[in-house]
Amino acid sequence: MFRNSYDNDSITYSPTGRLFQVEYALEAIKQGSASVGLVSKTHAVLVALKRNAEELGSYQKKIIRIDNHLGIALAGLAPDARVLSNFMRQQAMSSKMIYNRPIPVSRVASEIGDKAQKNTQVYGKRPYGVGLLVAGYDETGPHLFEFLPSGTVLEYFGAAIGARSQSARTYLERSFESFADCSAEELVLHGLRALRDTLAQDKELTIQNTSIGVVGLDSPFKLYDNEEVGEWLEKLGDVGSSRGRRQAEEAAAEAAAASAAAEAADTDAPTTDAPAADDEAAADLPAEPIETDD
(Lines give C-alpha, C1' and ligand atoms only; values in the text may rest on other atoms or scores of the structure.)
Protein backbone atom coordinates (compact mmCIF):
# COMPACT_ATOMS: atom_id res chain seq x y z
CA MET A 1 0.00 0.00 0.00
CA PHE A 2 1.53 3.31 -1.09
CA ARG A 3 0.31 6.27 0.90
CA ASN A 4 2.40 9.28 -0.09
CA SER A 5 5.98 10.48 -0.51
CA TYR A 6 6.54 10.51 3.26
CA ASP A 7 6.24 6.75 3.79
CA ASN A 8 9.29 5.59 1.83
CA ASP A 9 11.39 5.23 4.99
CA SER A 10 10.98 5.27 8.75
CA ILE A 11 12.96 8.41 9.50
CA THR A 12 11.06 11.05 7.49
CA TYR A 13 8.29 12.95 9.23
CA SER A 14 5.15 13.94 7.37
CA PRO A 15 4.04 17.59 7.61
CA THR A 16 1.60 16.49 10.32
CA GLY A 17 4.42 14.97 12.41
CA ARG A 18 3.71 11.30 11.68
CA LEU A 19 6.02 8.40 10.85
CA PHE A 20 3.96 6.32 8.44
CA GLN A 21 6.30 3.31 8.48
CA VAL A 22 5.78 3.02 12.25
CA GLU A 23 2.03 3.21 11.74
CA TYR A 24 2.22 0.44 9.15
CA ALA A 25 4.11 -1.69 11.67
CA LEU A 26 1.30 -1.11 14.17
CA GLU A 27 -1.15 -2.32 11.54
CA ALA A 28 0.87 -5.54 11.19
CA ILE A 29 0.18 -6.26 14.86
CA LYS A 30 -3.56 -6.04 14.23
CA GLN A 31 -3.26 -8.78 11.59
CA GLY A 32 -1.94 -11.30 14.12
CA SER A 33 -4.08 -13.45 16.38
CA ALA A 34 -4.83 -12.06 19.82
CA SER A 35 -2.72 -12.25 22.97
CA VAL A 36 -3.86 -11.21 26.46
CA GLY A 37 -1.88 -10.47 29.62
CA LEU A 38 -3.00 -9.94 33.23
CA VAL A 39 -1.27 -9.34 36.54
CA SER A 40 -2.25 -9.70 40.21
CA LYS A 41 -0.36 -9.13 43.44
CA THR A 42 1.33 -12.51 43.19
CA HIS A 43 1.19 -13.72 39.56
CA ALA A 44 1.40 -12.66 35.94
CA VAL A 45 -0.47 -14.58 33.24
CA LEU A 46 -0.28 -14.67 29.45
CA VAL A 47 -2.89 -16.33 27.21
CA ALA A 48 -2.72 -16.40 23.43
CA LEU A 49 -4.68 -17.66 20.45
CA LYS A 50 -2.56 -19.70 18.04
CA ARG A 51 -3.21 -19.75 14.30
CA ASN A 52 -2.29 -22.23 11.58
CA ALA A 53 -1.81 -21.12 7.99
CA GLU A 54 -3.69 -24.16 6.66
CA GLU A 55 -5.22 -27.38 7.89
CA LEU A 56 -2.11 -29.41 7.04
CA GLY A 57 0.23 -27.03 8.91
CA SER A 58 1.14 -26.77 12.56
CA TYR A 59 0.04 -23.95 14.85
CA GLN A 60 2.31 -20.95 15.27
CA LYS A 61 4.02 -20.57 18.63
CA LYS A 62 2.62 -17.55 20.46
CA ILE A 63 4.16 -17.64 23.96
CA ILE A 64 7.93 -17.85 24.40
CA ARG A 65 9.83 -18.52 27.61
CA ILE A 66 12.76 -16.13 28.07
CA ASP A 67 14.01 -17.11 31.53
CA ASN A 68 12.75 -18.87 34.65
CA HIS A 69 10.98 -15.69 35.73
CA LEU A 70 10.06 -14.18 32.38
CA GLY A 71 8.09 -14.86 29.20
CA ILE A 72 6.48 -13.06 26.28
CA ALA A 73 3.34 -13.32 24.13
CA LEU A 74 3.40 -11.96 20.59
CA ALA A 75 1.10 -10.63 17.89
CA GLY A 76 2.32 -9.76 14.41
CA LEU A 77 5.35 -11.04 12.49
CA ALA A 78 6.69 -14.13 14.26
CA PRO A 79 10.21 -13.87 12.75
CA ASP A 80 10.60 -10.40 14.23
CA ALA A 81 9.47 -11.77 17.60
CA ARG A 82 12.09 -14.54 17.34
CA VAL A 83 14.85 -11.95 16.85
CA LEU A 84 13.67 -9.91 19.84
CA SER A 85 13.24 -12.98 22.06
CA ASN A 86 16.82 -14.08 21.31
CA PHE A 87 18.01 -10.59 22.22
CA MET A 88 16.08 -10.75 25.50
CA ARG A 89 17.64 -14.14 26.32
CA GLN A 90 21.10 -12.67 25.76
CA GLN A 91 20.28 -9.84 28.15
CA ALA A 92 18.98 -12.29 30.74
CA MET A 93 22.14 -14.43 30.52
CA SER A 94 24.37 -11.35 30.77
CA SER A 95 22.58 -10.26 33.95
CA LYS A 96 23.20 -13.65 35.55
CA MET A 97 26.84 -13.77 34.50
CA ILE A 98 27.72 -10.18 35.45
CA TYR A 99 25.40 -9.41 38.38
CA ASN A 100 24.55 -12.97 39.49
CA ARG A 101 20.83 -12.19 39.57
CA PRO A 102 17.82 -12.50 37.24
CA ILE A 103 17.31 -9.46 35.06
CA PRO A 104 14.53 -7.13 36.29
CA VAL A 105 11.44 -7.23 34.09
CA SER A 106 11.38 -3.45 33.64
CA ARG A 107 15.00 -3.45 32.48
CA VAL A 108 14.58 -6.07 29.78
CA ALA A 109 11.43 -4.30 28.57
CA SER A 110 13.34 -1.04 28.33
CA GLU A 111 16.18 -2.77 26.44
CA ILE A 112 13.92 -4.01 23.64
CA GLY A 113 12.21 -0.61 23.56
CA ASP A 114 15.55 1.09 22.97
CA LYS A 115 16.47 -1.48 20.32
CA ALA A 116 13.22 -0.88 18.44
CA GLN A 117 13.44 2.89 18.71
CA LYS A 118 16.81 2.92 16.95
CA ASN A 119 15.15 1.52 13.84
CA THR A 120 13.08 4.71 13.60
CA GLN A 121 16.22 6.89 13.51
CA VAL A 122 18.55 4.99 11.16
CA TYR A 123 18.04 5.10 7.40
CA GLY A 124 17.73 1.72 5.70
CA LYS A 125 16.10 -0.09 8.64
CA ARG A 126 12.44 -0.81 9.25
CA PRO A 127 10.43 -0.98 12.48
CA TYR A 128 9.74 -4.40 13.96
CA GLY A 129 6.32 -5.58 12.82
CA VAL A 130 5.40 -7.24 16.09
CA GLY A 131 3.91 -6.34 19.44
CA LEU A 132 4.89 -8.11 22.65
CA LEU A 133 3.37 -8.60 26.08
CA VAL A 134 6.25 -9.10 28.55
CA ALA A 135 5.22 -10.83 31.78
CA GLY A 136 7.54 -11.70 34.64
CA TYR A 137 8.17 -11.80 38.37
CA ASP A 138 11.18 -10.18 40.02
CA GLU A 139 12.15 -8.86 43.45
CA THR A 140 9.60 -6.06 43.17
CA GLY A 141 6.70 -8.40 42.30
CA PRO A 142 4.84 -9.40 39.14
CA HIS A 143 4.87 -7.09 36.11
CA LEU A 144 3.22 -6.84 32.70
CA PHE A 145 4.61 -4.60 29.96
CA GLU A 146 3.37 -3.92 26.45
CA PHE A 147 6.00 -3.32 23.74
CA LEU A 148 5.19 -1.57 20.44
CA PRO A 149 7.32 -1.11 17.28
CA SER A 150 7.69 2.61 17.96
CA GLY A 151 9.79 1.74 21.02
CA THR A 152 6.97 2.54 23.45
CA VAL A 153 6.96 0.35 26.56
CA LEU A 154 4.19 0.76 29.12
CA GLU A 155 3.20 -1.23 32.21
CA TYR A 156 -0.38 -2.49 32.54
CA PHE A 157 -2.69 -4.34 34.92
CA GLY A 158 -4.16 -6.03 31.85
CA ALA A 159 -3.47 -5.67 28.13
CA ALA A 160 -4.49 -7.23 24.81
CA ILE A 161 -2.95 -7.01 21.34
CA GLY A 162 -3.77 -8.53 17.97
CA ALA A 163 -6.90 -9.04 15.89
CA ARG A 164 -10.19 -8.11 17.58
CA SER A 165 -8.26 -7.26 20.75
CA GLN A 166 -10.63 -4.39 21.53
CA SER A 167 -13.23 -6.93 22.70
CA ALA A 168 -10.68 -8.37 25.13
CA ARG A 169 -9.72 -4.88 26.34
CA THR A 170 -13.37 -4.15 27.02
CA TYR A 171 -13.58 -7.22 29.26
CA LEU A 172 -10.32 -6.29 31.03
CA GLU A 173 -11.46 -2.73 31.65
CA ARG A 174 -14.69 -4.05 33.13
CA SER A 175 -12.99 -6.55 35.45
CA PHE A 176 -9.46 -5.27 36.22
CA GLU A 177 -10.30 -4.01 39.74
CA SER A 178 -10.68 -7.62 40.90
CA PHE A 179 -7.37 -8.82 39.41
CA ALA A 180 -5.16 -7.73 42.33
CA ASP A 181 -6.58 -10.31 44.77
CA CYS A 182 -7.02 -13.14 42.28
CA SER A 183 -5.23 -16.46 42.59
CA ALA A 184 -3.30 -17.85 39.63
CA GLU A 185 -6.26 -20.03 38.62
CA GLU A 186 -8.73 -17.16 38.75
CA LEU A 187 -6.35 -14.96 36.76
CA VAL A 188 -6.00 -17.60 34.03
CA LEU A 189 -9.79 -17.92 33.77
CA HIS A 190 -10.13 -14.15 33.45
CA GLY A 191 -7.56 -14.26 30.66
CA LEU A 192 -9.37 -17.07 28.85
CA ARG A 193 -12.68 -15.19 29.05
CA ALA A 194 -11.03 -12.11 27.55
CA LEU A 195 -9.39 -14.25 24.84
CA ARG A 196 -12.71 -15.93 24.10
CA ASP A 197 -14.21 -12.53 23.27
CA THR A 198 -11.68 -12.12 20.43
CA LEU A 199 -12.83 -15.25 18.59
CA ALA A 200 -14.61 -15.14 15.26
CA GLN A 201 -18.28 -16.07 15.40
CA ASP A 202 -17.84 -19.70 14.31
CA LYS A 203 -14.68 -20.43 16.34
CA GLU A 204 -13.97 -21.75 19.81
CA LEU A 205 -11.02 -22.26 22.14
CA THR A 206 -9.40 -25.70 21.81
CA ILE A 207 -6.29 -27.42 23.12
CA GLN A 208 -4.67 -26.90 19.72
CA ASN A 209 -5.19 -23.13 19.38
CA THR A 210 -4.75 -21.96 22.98
CA SER A 211 -1.54 -21.30 24.92
CA ILE A 212 -1.18 -20.25 28.57
CA GLY A 213 1.85 -18.96 30.46
CA VAL A 214 1.95 -18.44 34.24
CA VAL A 215 4.69 -17.02 36.46
CA GLY A 216 4.54 -15.87 40.06
CA LEU A 217 5.80 -15.99 43.61
CA ASP A 218 7.81 -19.20 44.16
CA SER A 219 6.67 -20.54 40.76
CA PRO A 220 8.91 -20.30 37.66
CA PHE A 221 7.48 -19.50 34.26
CA LYS A 222 5.27 -22.40 33.18
CA LEU A 223 3.98 -22.81 29.64
CA TYR A 224 0.82 -24.84 29.01
CA ASP A 225 0.29 -26.15 25.48
CA ASN A 226 -1.81 -28.82 23.75
CA GLU A 227 -3.21 -31.42 26.19
CA GLU A 228 -2.09 -29.38 29.22
CA VAL A 229 -4.58 -26.67 28.25
CA GLY A 230 -7.52 -29.11 28.43
CA GLU A 231 -7.83 -28.80 32.21
CA TRP A 232 -8.12 -25.02 32.00
CA LEU A 233 -10.72 -25.17 29.22
CA GLU A 234 -12.83 -27.56 31.32
CA LYS A 235 -12.77 -25.06 34.18
CA LEU A 236 -13.74 -22.28 31.77
CA GLY A 237 -16.80 -24.20 30.58
CA ASP A 238 -18.17 -22.34 27.56
CA VAL A 239 -15.34 -22.14 25.02
CA GLY A 240 -17.38 -20.81 22.10
CA SER A 241 -17.31 -17.30 20.72
CA SER A 242 -19.33 -14.84 22.76
CA ARG A 243 -20.23 -12.99 19.54
CA GLY A 244 -22.58 -15.73 18.36
CA ARG A 245 -23.96 -16.20 21.87
CA ARG A 246 -24.74 -12.50 22.24
CA GLN A 247 -26.45 -12.43 18.84
CA ALA A 248 -28.58 -15.44 19.80
CA GLU A 249 -29.52 -13.81 23.11
CA GLU A 250 -30.42 -10.56 21.37
CA ALA A 251 -32.54 -12.42 18.80
CA ALA A 252 -34.34 -14.31 21.57
CA ALA A 253 -34.96 -11.09 23.48
CA GLU A 254 -36.37 -9.41 20.36
CA ALA A 255 -38.64 -12.40 19.69
CA ALA A 256 -39.91 -12.35 23.29
CA ALA A 257 -40.56 -8.61 23.11
CA ALA A 258 -42.46 -9.00 19.83
CA SER A 259 -44.58 -11.82 21.29
CA ALA A 260 -45.38 -9.78 24.39
CA ALA A 261 -46.38 -6.81 22.24
CA ALA A 262 -48.67 -9.00 20.14
CA GLU A 263 -50.38 -10.42 23.24
CA ALA A 264 -50.85 -6.92 24.64
CA ALA A 265 -52.43 -5.79 21.38
CA ASP A 266 -54.88 -8.74 21.44
CA THR A 267 -55.87 -7.93 25.05
CA ASP A 268 -56.56 -4.26 24.33
CA ALA A 269 -58.61 -4.88 21.14
CA PRO A 270 -62.46 -4.24 21.55
CA THR A 271 -64.75 -7.30 21.37
CA THR A 272 -67.40 -7.22 18.60
CA ASP A 273 -69.10 -10.56 19.32
CA ALA A 274 -70.83 -9.53 22.56
CA PRO A 275 -73.83 -7.72 21.02
CA ALA A 276 -74.56 -10.67 18.77
CA ALA A 277 -74.63 -12.95 21.78
CA ASP A 278 -77.11 -10.60 23.48
CA ASP A 279 -79.38 -10.73 20.41
CA GLU A 280 -79.37 -14.53 20.43
CA ALA A 281 -80.28 -14.57 24.13
CA ALA A 282 -83.16 -12.14 23.51
CA ALA A 283 -84.49 -14.29 20.70
CA ASP A 284 -84.83 -17.29 23.03
CA LEU A 285 -87.10 -15.39 25.49
CA PRO A 286 -90.92 -16.03 25.19
CA ALA A 287 -92.89 -13.27 23.52
CA GLU A 288 -95.04 -11.07 25.79
CA PRO A 289 -98.88 -11.15 25.17
CA ILE A 290 -100.34 -8.19 23.36
CA GLU A 291 -103.20 -6.44 25.21
CA THR A 292 -106.23 -5.53 23.15
CA ASP A 293 -109.53 -3.71 23.92
CA ASP A 294 -112.50 -6.03 23.99
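The slack between Arg174 and Arg126, meaning 0.36 nm per residue of separation minus the straight C-alpha distance, is 13.7 nm. Estimated at 0.36 nm per residue, the fully extended path between Thr140 and Arg18 surpasses their Cα-Cα distance by 40.3 nm. In terms of the mean number of neighbouring beta-carbon atoms within 10 Å, the peptides 132-140, 200-208 order highest first as 132-140, 200-208. Other residues within the sphere of radius under 9 Å centred on the Cβ of Arg196, judged by their own Cβ, net out at -2 (K and R +1, D and E -1). In the neighborhood of Lys125, defined by Cβ-to-Cβ distances under 10 Å, what is the net charge if each Lys or Arg adds +1 and each Asp or Glu adds -1? Summing Lys/Arg as +1 and Asp/Glu as -1 gives +1.
Taking label points 7 Å from Cα along the Cα-to-Cβ direction, Glu254 and Asp202 give a separation of 2.1 nm.
With both partners inside the stretch 91-174, how many of the DSSP beta bridges are antiparallel, as a percent to the nearest 5? Approximately 100 percent, going by the DSSP bridge assignments.
The gain in end-to-end length when the Lys96 to Gln31 segment is fully stretched comes to 19.8 nm, 0.36 nm per residue minus the alpha carbon separation. Kindly flag which residue pairs out of Lys96/Lys235; Lys115/Lys203; Lys50/Lys235; Lys61/Lys203; Lys50/Lys115; Lys125/Lys203 have an alpha-carbon separation exceeding 29 Å in this structure. With Cα atoms farther than 29 Å apart: Lys96/Lys235; Lys115/Lys203; Lys125/Lys203. Evaluating 6.51 cos²θ - 1.76 cosθ + 1.60 at θ = phi - 60° for every residue in the stretch 192-209, the Karplus couplings come out as 5, 5, 5, 5, 4, 5, 8, 5, 5, 4, 9, 10, 8, 6, 9, 5, 7, 9 Hz, glycine and proline recorded as x. Averaged over its residues, the stretch 5-161 has an accessible area of 47 Å² per residue, based on protein heavy atoms and a 1.4 Å probe. Which of the GluC sites (Glu not before Pro) found in the stretch 1-86 are in a DSSP loop and have at most 15 neighbouring Cβ atoms, other than their own, within 10 Å? Listed in order of number, the matching sites are Glu54, Glu55. Scalar couplings 3J(HN,Hα) for the stretch 126-135, obtained by applying the Karplus form with A = 6.51, B = -1.76, C = 1.60 to θ = phi - 60°, are 10, x, 5, x, 8, x, 10, 10, 9, 10 Hz; x denotes Gly and Pro. Taking Lys and Arg as +1 and Asp and Glu as -1, the other residues whose beta-carbon sits under 12 Å from that of Ala73 total +3. Quotient of the Cα radius of gyration of the stretch 5-103 and 2.2 N^0.38 Å, N being its number of residues: 1.38.
The values are calculated or read from the model by the stated rules, or taken from the named source; none is laboratory data. Note that this is a predicted model, so its numbers are computed, not measured. Cβ: placed from backbone, ideal geometry, glycine included. Neighbour counts: every protein chain shown. Ligands, DNA and RNA are excluded from the accessible area calculation, which covers all protein heavy atoms including side chains. Shrake-Rupley method; radii C 1.70, N 1.55, O 1.52, S 1.80 Å.
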